[in-house]
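Asks: Sharing a structure here in C-alpha cells format.
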Amino acid sequence: MLYQTIRRIHLYTAFFLLSFVLMYFITGYVMIHEVLVEHRDPQKKTRNLHLKYKGEKTPEAYAAHLEENFGLEGKRQPPKHQENGSWEFKYFRPGTSYEAVISAAGDSVRITESREHLRRTLTGFHRLHGYGGGLLYDLWAVCYDLASLSLILFTLSGIYLWYKLTQRHLLGWLLLFLSFGLTAATIGYLLTLP
C-alpha cells in the first residue's frame, strides 16, 4: 500500500513539475537566445491627472489610494522619495508595469503605463517572485511554491522507489552524496565570492 501511494505521489508531482519546468525552460531560452524573439520597445501611455486626496501624506496611504482609484495592479516596489519632494511608485506584473509620480504638493499624479511585448513578458514570468501583487500574481506565486514542493516530493519519492526496486545500493548512494556535495560546494563557493 505504501509503495503504491509513493508511486502515485511520484507520478502526480511529475505532472505538476512538467508544466512549470517547461514554462521555466521556454522563458529562460528566450532570455538566453534573444535573437529568436524580436525586441521592441514597450508601448507607453502617460496620463497627468488631478489628485483628489485628503488623507495622510505617507507613502503607504498614497499607494493604497493609487491602487484603489487608478487601477494600478502588480507587485509594488518600495516607494522612492525624490529630491524635489515628489513620490515615485512602481508596480510590475509580467507584460505591464506602471510608474506613478505624485507631485511634491500632492495635488497631481503622472501615471505611465508600459505594455511590454512578448520577449519582455516572458522574461517577466521567468523573474516573477514573492507575493503581494494582486490575486493573479499571488496565484502564480502559489503555483511556484507548489512546484518547489513537488520537486522535493518527486526527489524523495524517487529515492524511495529506487531503493525498493534495486538490489545494488552502493552506486546510488554514492551518486546521491556526490550530488549533495556538489550542491554544498557550489553554495559555499558562491557565498565566499568577493
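Asks: Taking the Cα atoms of segment 132-194, report the difference between the largest and smallest coordinate on each principal axis, in whole Å and largest first.
Replies: Result for segment 132-194: principal-axis Cα extents of 50, 40, 7 Å.
Asks: Which loop chymotrypsin sites (Phe, Trp or Tyr not before Pro) in segment 93-169, with loop taken from DSSP, have no more than 15 other Cβ atoms within 10 angstrom of their Cβ? Before the final figure, lay out each step's value.
Replies: Values: sites: Tyr98, Phe125, Tyr131, Tyr137, Trp140, Tyr144, Phe154, Tyr160, Trp162, Tyr163; in loops: Tyr131.
Passing both the DSSP loop test and the Cβ count: Tyr131.
Asks: Next question, about the same structure. Let me spell out the model: positive unit charges on the Cβ of Lys and Arg, negative unit charges on the Cβ of Asp and Glu, origin at the Cα centre of segment 41-116. What dipole size does that give, in debye rounded to 20? Walk me through the intermediate numbers first.
Replies: Working: 13 positive and 12 negative charges, 25 e Å.
Dipole about the Cα centre, nearest 20: 120 debye.
Asks: Another question, if that's okay. Place a +1 charge on the Cβ of each Lys and Arg in the chain and a -1 charge on the Cβ of each Asp and Glu, then give the dipole magnitude about the Cα centre in debye, rounded to the nearest 20. Before the final figure, lay out each step's value.
Replies: Details: 21 positive and 16 negative charges, 94 e Å.
About 460 debye.
Asks: Another question, if that's okay. Using the number of other C-beta atoms within 10 angstrom as an exposure proxy, rank Ile26, Ile102 with the fewest first.
Replies: On the way: Ile26 13, Ile102 26.
Listing Ile26, Ile102 from fewest to most nearby Cβ atoms yields Ile26, Ile102.
Asks: Right, another one. 7 Å from Cα along Cα→Cβ at both Ala14 and Ala104: what's the point-to-point distance in nm?
Replies: 6.4
Asks: Okay, next question. Would you list which lysines come within 24 Å of Lys45, measuring only between C-alpha atoms, while excluding same-chain residues fewer than 8 positions from it?
Replies: Those lysines meeting the cut-off are Lys75, Lys80, Lys90.
Asks: Work out how much length Thr155 to Phe177 would gain on full extension: take 0.36 nm times their residue separation and subtract the Cα-Cα distance, in nm to one decimal.
Replies: Working: separation 22, 0.36 × 22 = 7.92 nm, distance 1.36 nm.
Once the chain is fully extended between Thr155 and Phe177, it gains 6.6 nm.
Asks: Here is a further query. Mind listing which GluC sites (Glu not before Pro) in segment 6-67 are in a DSSP loop and have 12 or fewer other Cβ atoms within 10 Å?
Replies: Details: sites: Glu34, Glu38, Glu56, Glu60, Glu67; in loops: Glu38, Glu56.
Listed in order of number, the matching sites are Glu38, Glu56.
Asks: So if a site counts as exposed when it's one of the trypsin sites (Lys or Arg not before Pro), its DSSP state isn't H, G, I, E or B, and it has at most 11 other Cβ atoms within 10 Å, what's the longest stretch of the chain without one?
Replies: Numbers: sites that count: Arg40, Lys52, Lys54, Lys57, Arg168.
Counting at most 11 other Cβ atoms within 10 Å as exposed, the longest clean stretch of the chain is 58-167.
Asks: Where does each of Met31, Met1 land when they are ranked from fewest to most other beta-carbon atoms within 10 angstrom? Numbers along the way, then the final one.
Replies: Details: Met31 14, Met1 5.
Going from least to most buried by this count: Met1, Met31.
Asks: Another question, if that's okay. If each DSSP helix of 4+ residues adds -39,500 (n - 2.57) and the sum is divided by the residues in the chain, what number results at 222 nm, nearest 500 deg cm²/dmol? Walk me through the numbers before you get to the answer.
Replies: Values: 5 runs with 106 residues, N = 194.
That comes out to -19000 deg cm²/dmol.
Asks: Another question, if that's okay. Near the amide H of Lys75, under 5 Å away, which other amide H atoms are found, from residues 5 or more places off or on another chain, if H is placed in the peptide plane?
Replies: Excluding prolines and chain starts, which carry no amide H, the hits are Phe92, Arg93.
Asks: Given all pairs of different Cα atoms, what value in angstroms does the Kirkwood hydrodynamic radius of the chain take?
Replies: Details: mean 1/r = 0.0482 Å⁻¹.
Averaging 1/r across every pair of different Cα atoms and inverting gives 20.8 Å.
Asks: In whole Å, what three semi-axes, largest first, describe the equivalent ellipsoid of segment 41-116 built from its Cα gyration tensor (square root of 5 times each eigenvalue)? Display every interim value, and only then the final one.
Replies: On the way: eigenvalues 80, 32, 28 Å².
They are 20, 13, 12 Å, listed from largest to smallest.
Asks: Would you list, by chain and number, the aspartates and glutamates whose Cα falls below 16 Å from the Cα of Lys52, excluding same-chain residues fewer than 8 positions away?
Replies: Answer for Lys52, where 16 Å is the Cα cut-off: Glu67, Glu68, Asp107, listed by chain and number.
Since every read-out is calculated from the coordinates, none of them should be taken as a lab result. Quantities reported herein were computed from a predicted structural model and do not represent experimental measurements. As a convention, Cβ positions derive from the backbone with ideal geometry for all residues, glycine included, and neighbour counts pool all protein chains shown.
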